[in-house]
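The structure under discussion appears below in the form of structure tokens.
Read the figures in this text as sums done on the coordinates, not as results from a lab. Bear in mind that the values here come from a model prediction, so they are computed numbers and not experimental data. FYI the Cβ positions are ideal-geometry reconstructions off the backbone, even for glycines, and counts take in every protein chain you see.
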């Protein structure tokens, strides 16, 4: 019995220390990525190329999802608001929901599944096929040449994608609310303009999407770089990127929201 | 073996997770020579290459390249040294998102400020040397195994290195590609005035091109000599390896309990 308890405690201790060690390595990796970002910023064409792969190629899923989320918001929002006779406020509801919350969060979740998983798989496969080792042996630092451009591309792309998601969502809400249901077009736009505050709503939404961009891309590049160089290892790392990023986005969203809107 | 040493390995020990991988290794690789490190899979050959390239640090002993102790160098010093080394990885390790041309141009673009038209000329010269000038537009996915290995070789010699390391250059190649790679290793070493270290278990092909051989087994050097010495050797391990015998000092059977104990009726089969 004593043996079983000792073994269980040893296993638990081993798991905890290995998690802490991995977190420490991830933090060191983050610091090294920042230190070696000179190449990514000096040779910005490397980063632009990655912006195409992470940002531009994510546009379709972001725009289509944004449109549908906005259309659903239009339907649900109208159904609730018309009970209180304030269906003209539909524009405010759609815009604030998207700009403050749904835009950054849903765009980041989609970004993690589409671009984050692709980044992890690509770096993981580069490691498995010794491309990263080859780079090291050619006196080229893989963190500077491979990781940093992808990291900055993710950070730059994420707020832009979130803004496009929100814009498409507002357009979806307009299509359903104004064109389909018949809410007054003037009220829809004027109330939205009057109620959405640039600093409180827009800037805070951009800050959120920037933070999510950092979190998702950091997790994606780290999981790829730290993956086991086997098919199973890369597959596991890709799954971990999506799961960990999604949880991190939701947790960070709560913390940021608590700080940003506590006085409202 | 005569000649000024380019690589010197003295009393090298390397352990991984407390398990000894290399024990008491002493090697010399002279300038302008082709030296092979042979041995069965997992005996520590590739580890030796990684120690020479500074990707691993020895537990004790030292590795000197061009008079510099590799593991004492800082990052900048190590990267400066690596610019004078080339390495051919087992399956080429070509960058899959770049064309053949861009793969070979990679180091020239990263480490020099040469104008693009000069880089183009240099890349074409390197590709011509490996017989693939006409394939410069192809992507790595369009190449056969042998072609990929030759492109990787052109990339490894892009900066005219003083030391070229080959990790299993013959693995998985058809006889024609195998002989082309063997010939290229010999001719490029001479043309560049470089030294070559070939890690391989392909005995017959490598004995045709090497000046000296180190045989490694279980992390120790068990035999060394010229190609002729190795062919004539009567050391049991070398004999088994060179002539490809299934049983010998390297047993056919994985360690197991007595055969009779496992197959006789009434005994536990999984004991």
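For chain B, the longest principal axis of the alpha carbon atoms and the long axis of helix B:175-192 meet at an angle near 60°.
Do the sum for chain B: with -39,500 (n - 2.57) for every DSSP H run of n ≥ 4, divided by all residues, what is the mean residue ellipticity at 222 nm, to the nearest 500 deg cm²/dmol?
The helix-only estimate for chain B comes to -10500 deg cm²/dmol at 222 nm.
Among the residues of A:126-135, the average count of other protein chain beta-carbon atoms within 10 Å of the residue beta-carbon is 5. Across all C-alpha atoms in the range B:18-68, the radius of gyration and Dmax reach 11.5, 36 Å. Put in line by how crowded their Cβ is, counting other Cβ atoms within 10 Å and starting with the fewest, A:152, B:243, A:189 read B:243, A:189, A:152. Take every pair of alpha-carbon atoms less than 8 Å apart whose residues are at least six positions apart; their mean separation over the length of the range B:5-233 yields a relative contact order of 29 percent. Once the Cα atoms are used to define both axes, helix B:145-156 deviates from the longest principal axis of chain B by about 60 degrees. When each of B:196, A:37 is scored by the number of other beta-carbon atoms lying within 10 Å, the sequence from fewest to most is A:37, B:196.
Subtracting the Cα-Cα distance of residue B:133 and residue B:186 from their residue separation scaled by 0.36 nm leaves 17.1 nm. Within the range A:220-244, find all residues whose amide N lies under 20 Å from a label point positioned 7 Å from the Cα of residue A:255 along Cα-to-beta-carbon. Within reach of a label on residue A:255: A:220-223, A:241-244. Summarising the label geometry, the points placed 7 Å from Cα in the beta-carbon direction at residue B:83 and residue A:194 lie 6.7 nm from one another. The packing ranking, built from the mean of other Cβ atoms within 10 Å per residue, places the peptides B:85-92, B:19-26, B:255-262, B:149-156 in the order B:149-156, B:85-92, B:19-26, B:255-262, highest first. Peptides A:16-25, B:180-189 ranked from most to least packed by the mean count of surrounding Cβ atoms within 10 Å: B:180-189, A:16-25.
Computed from the Cβ-Cβ distance with R0 of 56 Å, the FRET efficiency linking residue B:260 to residue B:75 stands at 0.45.
Binning the C-alpha pair distances of the range A:16-87 at 5 Å intervals from 0 yields a P(r) profile of 3, 12, 9, 10, 10, 10, 11, 10, 8, 8, 6, 1 %, listed from the shortest bin outward. Helical content of chain A, expressed as a calculated mean residue ellipticity at 222 nm, amounts to -25000 deg cm²/dmol (DSSP H runs of 4 or more residues, -39,500 (n - 2.57) each, divided by residue number, nearest 500).
Does anyone have the angle between helix B:100-111 and the longest principal axis of chain B? Alpha-carbon axes, 0 to 90°, nearest 10? Once rounded, one gets 80 degrees.
Sorting A:222, A:29 by the number of Cβ atoms found within 10 Å of their own Cβ, with the fewest placed first, yields A:29, A:222.
Give the average, rounded to an integer, of partner chain Cβ atoms located within 10 angstrom of each Cβ in B:106-112. Spell out each step's value before the answer.
On the way: counts 5, 4, 0, 2, 8, 3, 0.
Whole-number average of other-chain Cβ neighbours for B:106-112 is 3.
Calculate log10 I(q)/I(0) of chain B for q = 0.08, 0.09, 0.11 Å⁻¹, where I(q) comes from the Debye formula with a single equal point scatterer on each Cα and nothing for solvent. Each listed q maps to, in turn, -0.37, -0.47, -0.67. The mean number of Cβ atoms from other chains found within 10 Å of a Cβ in peptide B:78-85 is 3, as a whole number. Cα gyration tensor of the protein assembly as shown, axes a ≥ b ≥ c as square roots of the eigenvalues: rounded (a/c below 1.5), prolate (a/b > b/c) or oblate? It comes out prolate by the Cα gyration axes.
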